[in-house]
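The values are calculated or read from the model by the stated rules, or taken from the named source; none is laboratory data. Owing to the predicted nature of the structure, the values given are computational and were not obtained by experimental measurement. As a convention, Cβ positions derive from the backbone with ideal geometry for all residues, glycine included, and neighbour counts pool all protein chains shown. Surface areas here come from the heavy atoms of the whole protein model, side chains and all, with no ligands, DNA or RNA. Shrake-Rupley method; radii C 1.70, N 1.55, O 1.52, S 1.80 Å.
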Amino acid sequence: MEEKNTAIQWLDSQAEELAALSDKIWDCPELRFEERTAARLQCGLLERYGFEVTEGLAGIPTAFCGKYGQGKPVIAFLGEFDALPGMSQQAGASEKRPADGMTAGHGCGHNLLGTGSLGAAAAAAQYLRGTGWEGTVVYFGCPAEEGGSGKAFLARAGVFRDVDAALSWHPGAFNRVWSASSLANVQVTYRFSGVSAHAAVSPHMGRSALDALTLMNVGVQFLREHIVPEARVHYAVSETGGLAPNVVQDKAEAIYLIRAPRNDQVQEIFERVNLVARGAAMMTETQVEIKMDKACSNLLVNQTLEKVLYGNLNAIERPVYTQEDYDYGAAIQGTLPKRQTAAAMLGRYLGAEGREQGALYDRKSLYSFVAPYFPSEKPIPGSTDVGDVSWCCPTSQFIAVTCAGGTVEHSWQMVAQGKSGAAHKGLLYAAKVLAASAIDLLENPELLREAREEFLERAGEGYRPLLTPDVQPAVPAEK
C-alpha cells in the first residue's frame, strides 16, 4: 500500500508538466490521422519518463506506444489526442468566440484524455521501478477516434493481442464508471456515376447520378421501418454534381454512418443499404461505387474491471474547486440552450438513486461527487473505437469531471473549458484513478484472472473486425 500511495502522490509533482502538455495539444488541434505534433510531444515525454517508444504502429504515422517494464502482466492505458473540425474557440471565454488561426478544436477533450492516460502510465512505471515487481505498463497513443476509428485499425493489426487489461477514461461532467456498451458502426461512401446532358435539349441522353442518390436516400428511409429499433442510419450528401439545374448531373455522392448494438446487426444493415444503393443505380442506369471508410465494434463491458475503477474513483481524493472554478462553470452554464440538472441527467442513466444524489448538486456548476455504480450491458446511443480494444482484451473506462454540469461534447463550450482549472484538476484526478487501478491489477493476479474469464465469456467466438482487409486508414500526405 505504501508503494502504491507513493506512486499516486508522485503525480502531484508532475501536475504542471502534464497540464502544460495538455495545453500544448489544445493549442495545436489536429484532425484524424494528422496528429503529428501531439504524437511528437507525447513521445518526447514518454522517453523522458523512461519508456521505450515505438512509432508507426500498424503503419499509421501518428500511432505509437511507450513500454516500461518486462514480463506479465501487461497493463495498457489508452490515449487519444485528435480534435474536431469546425470547433475553433478561444480558451477561457464564456461566449462563442473563434480563436484566431484555428479551424479545429478539442470539442471532446482529447487533449486531456491522452495526457491523463500518459500520466497514469508514468505513475504505474514509478510503482514498478520502486518495487522491482515484474510486469509491463504500456501507453498506447491512439489517433483518429473522431471519424477515423484508429483503434480499430490497431486492433485488426493485432496491436493489443498480448495485453492483459486495458484502461481508459473520458473527460465529461460527472465522475462515474462507464458501465454500458456502445453501438458498433460502419462509415461508407456511396459514389454514383452517370452521363451528363442538357436537361432541356437532350435529357433522354443523360443518366442522372443525382437521381440515383436521391432514390437511394428515399429507399433507406423506407428501410428504417425494418431494422432493429436501436439502430441508427445517418447520412450526409457530400457531392451533388454541380450547381446548374439545366445539366443532368453525372456524379453524386453521400457518406453513410450505420450503427447498431452488435457487429452482426451492423453488417446485416450495411448489406441491405448496399442493396438499396445498387437498386437505385439499376433504376437510373448509373453505376455505384461502395467504399467503406472506417468501422468500429460494439463495446464489451467488463464488470470486474469496472468495480476496480469504481473503488478507486471513491478512494482517490477528488479535486477541490475554487470560487473561480465555480464562477467560470456557472458562466458556461448560462450559455447552454437548455440547462439539464444533475438530478435529471443522473436519473436518466442511473434511476432513482441517481436523481437523489444529483439533486444535492443542482445548485453547483461543477459536480465533485462519484455517481453510483449500476452495472449495465445496454448500449449508449453513441460509438467508440475502444470497442475494438474490448474484443481483444479485458477493457474498461470511466468519466471524470473536466467541465461544467450540462456541457455537451462536440460543442464550443467544451473547447473553451479545455484549459480551465477544473480541466487540469480532472486530468490529474483521472491519472491517479487509472494508475491506482493498474497497481491493484498488478498486485492482485486474481482480479486479472476474473477479468479474463469474464472477457472470454462475453467475447464468444472472438474478435471479427467490421473493417474489411482492403480498408486502410485515411492518412493524409505529410505537408
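Normalising the average separation of contacting C-alpha pairs (under 8 angstrom, six or more residues apart) by the number of residues puts the relative contact order of the stretch 378-431 at 33 percent.
Oblate is the label for the stretch 1-156, because a/c, from the alpha-carbon gyration tensor with a ≥ b ≥ c as root eigenvalues, is 1.5 or above and a/b does not exceed b/c.
With all protein chains present, how much of the accessible area of the chain (probe radius 1.4 Å) comes from carbon and sulfur, to the nearest whole percent? Don't skip to the answer; put the middle values down first.
Values: 10260 of 20170 Å².
Ligands and nucleic acids excluded, carbon and sulfur reach 51 percent.
Below 8 Å, C-alpha to C-alpha, sequence gap of six or more: please give me the relative contact order for the stretch 1-93 in percent. Present the calculation step by step, with values, prior to reporting the outcome.
On the way: 70 pairs, mean separation 23.4, N = 93.
That works out to 25 percent.
Taking the Cα atoms only, what angle lies between the long axis of helix 445-459 and the longest principal axis of the chain, rounded to 10 degrees? On a 0 to 90 degree scale, this one is about 20. Normalised by the number of residues in the chain, what is the relative contact order in percent for Cα pairs under 8 Å and 6+ residues apart? That works out to 24 percent. For K307, the aspartates and glutamates whose Cα comes closer than 16 Å to its Cα, not counting residues fewer than 8 places off in the same chain, are E377, D440, E443, E446, E450, E453, E454. I need the shape label for the stretch 404-479. Rule: rounded when a/c is under 1.5, else prolate if a/b > b/c, else oblate, with a, b, c from the alpha carbon gyration tensor. Judged from the Cα gyration tensor, the stretch 404-479 comes out oblate (a/c at least 1.5, b/c at or above a/b).
Within the stretch 378-479, which GluC sites (Glu not before Pro) sit in a loop by DSSP and count at most 15 neighbouring Cβ atoms inside 10 Å? Loop-located and lightly packed - E461, E478.
When only alpha carbons are used to place a centre, the stretch 9-25 and the stretch 137-187 end up 22 Å from one another.
Modelled this way, with points 7 Å down the Cα-to-C-beta line, the labels at L456 and A236 are 4.3 nm from one another.
Scalar couplings 3J(HN,Hα) for the stretch 275-290, obtained by applying the Karplus form with A = 6.51, B = -1.76, C = 1.60 to θ = phi - 60°, are 5, 4, 4, 5, x, 5, 5, 5, 4, 10, 6, 10, 10, 10, 10, 10 Hz; x denotes Gly and Pro. Distance from the C-alpha centroid of the stretch 62-102 to that of the stretch 208-237: 34 Å, rounded to the whole angstrom. Sequence-ordered 3J(HN,Hα) estimates for the stretch 82-91 from the Karplus curve with 6.51, -1.76 and 1.60 and θ = phi - 60° stand at 8, 10, 10, x, x, 10, 4, 6, 6, 6 Hz, glycine and proline given as x.
Counting only other residues whose beta carbon sits under 13 Å from that of L215, what net charge do I get with K and R as +1, D and E as -1?
Numbers: positive: R207, R278; negative: D211, E285.
In short, 0.
Where the centre of each part is set by its Cα atoms, how far does the stretch 383-419 sit from the stretch 264-322, in angstrom? About 15 Å separates the Cα centre of the stretch 383-419 from the one of the stretch 264-322.
The angle separating the long axis of helix 2-13 from the principal Cα axis of greatest extent in the chain is about 60 degrees.
For the residue pairs K151/K291; K24/K294; K24/K432; K67/K425; K96/K364; K24/K72, alpha carbon separations beyond 24 Å are given by K24/K294; K67/K425; K24/K72. Against the chain, whose longest principal axis is taken from its Cα atoms, helix 36-48 shows a tilt of about 20°.
Given a 1.4 Å probe, how much area per residue of the stretch 10-144 is accessible, in Å²?
Working: 4880 Å² over 135 residues.
Here the per-residue accessible area is 36 Å².
Looking at the stretch 179-238, the accessible area is 48 square angstrom per residue; that uses a 1.4 Å probe and ignores ligands, DNA and RNA.
Quote the charge dipole size of the chain about the Cα centre in Debye, to the nearest 20; the model charges only the Cβ of Lys and Arg (+1) and of Asp and Glu (-1). Spell out each step's value before the answer.
Working: 43 positive and 56 negative charges, 156 e Å.
Charge dipole, the chain, about its Cα centre: 740 debye, nearest 20.
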